[in-house]
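Below is one structure, written out as structure tokens; comments come after it.
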Amino acid sequence: MTKAGRGATHDKPLEEMTEGELAAYYQAHKDDQDMWEADPAPPRVAGKAPIRSVFSVRFSRAELATIDAIAQQHGLTCSEAIRRAVIAYGSVARRWEYRDQLAAENDVVRVANDLSAEGWELISTAPHSAAEYHLFFKRAAVTTS
């Protein structure tokens, strides 16, 4: 048995599960707060509206590791970090365009330079596979009046 979170066990390591098995596993454990948060969520501030619904979204292991690192860095739960990012995106979305591009490991610099010539700024990279990277870009949004 493999332990994925406090109190959660299953027969196969998560890395060996198919996407369908992972979906079923996480669906079955969606209410297991110990599995999703390293520490219990802090109590809600008085006067703040309680959360009324749950929305599921899939993240790759790398994306979830990034979200977790950002949350820890700011003393937040993963849920609160995602919530804040989504709410903040509403104000940023009108000012920035975002783009991601896959590039072979030996082609990253050329792709970044090509897009830079079009006004895109490289803001992050993340491994996609052993020989490919996701490149994340932003540029000022073009507004038309």
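What's the extension gain from residue 98 to residue 65 if we count 0.36 nm per residue and subtract their Cα-Cα distance?
Extending this stretch completely gives an extra 9.8 nm.
Mind listing which trypsin sites (Lys or Arg not before Pro) in the range 95-145 are in a DSSP loop and have 16 or fewer other Cβ atoms within 10 Å?
95
Readers should treat all values here as calculations from the given coordinates under stated rules, not as data from a laboratory. The model shown is predicted, which means the values in this text are computed figures rather than measured ones. Every residue, glycine as well, gets a Cβ built from its backbone with ideal geometry; the counts of neighbours run over all protein chains shown.
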